[in-house]
Amino acid sequence: MMDLFEQARKYLLNIYKPFPIDVDYGKGVYLYDKNGRAYLDFLAGIAVNALGYQHPAIQQALVKQINRNLHLSNYFIQDVQVELARELVQQSGLSKVFFSNSGTEAIEGLLKIVKKWGREHHKSEIIAFEGSFHGRSLGALSITMQAKYQQSFLPLLPHIKSVPANDAQAFAKAINKNTLAVFYEGIMGEGGVRPISEDLLNAIYDGRDRFGYLVVADEIQTGVGRTGTFYYYQKRKVMPDAIATAKGLGGGLPLGAFVLNEKLSSVLKRGEHGTTYGGNPLACATGLATVKIVKQPEFLSKILATGQYFKEQLEAFASQYPAIVKDVRGEGLMLGMEVGEKAPDLMAECYKHGLLFNVAGGNTLRFVPPLIVDKTAVDEAITKLHAIFAGIFK
Ligand SMILES: *Cc1c(COP(=O)(O)O)cnc(C)c1O
């Protein structure tokens with residue numbers, strides 16, 4: 001009999017590099033393997049498990065919805081979906097919500113809206129930033145400006161201009177009256193936990209005033225409390241025309257959405273966009289449970305405080321390993337420690353020692369723990385990092 005890992009290699013497309021851990025269940029901020037070994041989980045399903053594992057509010061919402069229906073389709077008005085849309089409108093300050101099953105699909109829908117709006121306003125060029133990540137479908141991939149993701153699939157969508165990240169001058173040169181839209185991440189996640197600079201952010205929003213293009217904030221990773229405000233743009237006191245949100249939104253179930261301002265809410269006419277599963281009631285039920293908890297001011301301020309504490313600990317850690325740690329970046333509970341090309345090996349050493357996270361941008365250890373994480377868990381992670389680094393570098 002083949003073991004699980006052999007079977008996975010035999011039957012699954014070989015495009016991921018899974019941890020060699022046979023997970024049984026999760027509880028709080030820990031995962032447990034089938035031998036009962038605990039792993040402190042600072043990956044959280046790639047910033048998805050906002051409330052950790054087995055959160056009672058998620059479980060109750062799920063059980064309640066399971067006993068009603070699993071799926072109806074958008075031929076029906078669904079109460080949990082409407083309630084979640086109302087929450088997202090209230091939290092974002094935008095006007096209308098469309099639900100999808102993933103972040104990529106939210107970006108795809110936004111690209112369609114942007115393109116249609118561009119036809120009406122005689123603008124065609126979309127700007128995205130080097131190192132960005134917006135998804136892997138052909139549309140979303142067209143604005144994911146990383147050669148390793150794009151090169152095998154060229155040509156992609158036309159009229160896309162790539163601008164160096166955090167270069168406000170290059171950006172100012174790139175925009176003109178033909179600029180249709182700018183897609184940006186407040187903190188590049190996949191690109192290596194890189195916050196957008198004040199200069200570039202100002203240039204994006206000033207340019208909008210001048211040329212009248214659309215600004216789309218990809219909040220798929222930064223959203224739903226991750227950085228200590230419900231959405232990251234709120235921290236930076238700007239107002240995009242549209243946002244994409246996903247990852248933490250479903251509290252563990254696949255759920256994405258885009259949220260539009262009033263001006264964009266009437267661009268798509270009936271039948272021009274749609275989805276079979278998007279806004280599925282199970283995902284909306286867990287999403288609603290998640291949002292109701294995350295939006296609480298005390299919950300958000302705890303994310304800020306724990307994130308600040310975590311960042312300070314990482315900075316103190318970094319000062320002990322100046323030859324290895326090049327930078328500590330990020331906000332709230334979206335933090336990165338740049339360690340260069342050793343990153344994948346260090347990550348592997350960490351999961352062997354019971355600490356899970358992943359590598360972003362090829363050189364940065366990315367920490368996106370469940371938002372319920374506390375200082376004790378942060379201390380445990382830092383203690384493990386010390387033990388692991390001391391074992392390797394001393
Ligand atoms: C994860 C991610 C996406 C893609 O979302 P999926 O749910 O994987 O389709 C897009 N943009 C950003 C910023 C992301 O972090």
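Rule-based calculations on the coordinates, nothing more; no lab input. Remember, predicted model here, so these are calculated numbers, not experimental data. Cβ placement follows ideal geometry from the backbone for every residue including glycine, while neighbour counts extend to all protein chains displayed.
Things worth noting here:
- Neighbour net charge for G225 - beta-carbon separation under 14 angstrom, K R +1, D E -1: +2
- Cα-only Debye scattering, the chain: base-10 log of I(q)/I(0) at q = 0.06, 0.07, 0.09, 0.13 Å⁻¹: -0.23, -0.32, -0.54, -1.14
- Straight Cα distances below 15 angstrom link K27 to the aspartates and glutamates D41, D374, with same-chain residues fewer than 8 positions distant left out.
- Computed over the chain, the per-residue total of -39500 (n - 2.57) for DSSP H runs of n ≥ 4 gives a 222 nm mean residue ellipticity of -12000 deg cm²/dmol, rounded to 500.
- What separates the Cα centres of the range 206-271 and the range 115-129 is a distance of 17 Å.
- Alpha carbon centroid spacing (whole Å) that separates the range 55-94 from the range 292-315: 26 Å
- Taking N as the residue count of the range 31-180, its C-alpha radius of gyration divided by 2.2 N^0.38 Å amounts to 1.38.
- Peptides 5-16, 372-383, 73-84 ranked from most to least packed, by the mean per-residue count of other Cβ atoms within 10 Å: 372-383, 73-84, 5-16.
- Here the contact order of the chain, divided by its residue count and restricted to Cα pairs under 8 Å and six or more residues apart, works out to 22 percent.
- The overall shape of the range 130-277, judged from the alpha-carbon gyration tensor, is rounded, with an a/c ratio under 1.5.
- Principal axis extents of the Cα atoms in the range 230-332, from largest to smallest and rounded to whole angstrom, are 59, 28, 27.
- Set of lysines with alpha-carbon distance to K173 below 18 Å, sequence-local pairs under 8 removed: K123, K161
- Shown for the chain are the DSSP H helices of 30 Å or more along their axis, judged by Cα atoms, with a mean Kyte-Doolittle hydropathy of at least -0.5: 297-320.
- Simple rule: put +1 on each Lys or Arg Cβ and -1 on each Asp or Glu Cβ in the chain, find the dipole, and look at Q221, N74, L51; the Cα lying farthest toward the positive end is N74.
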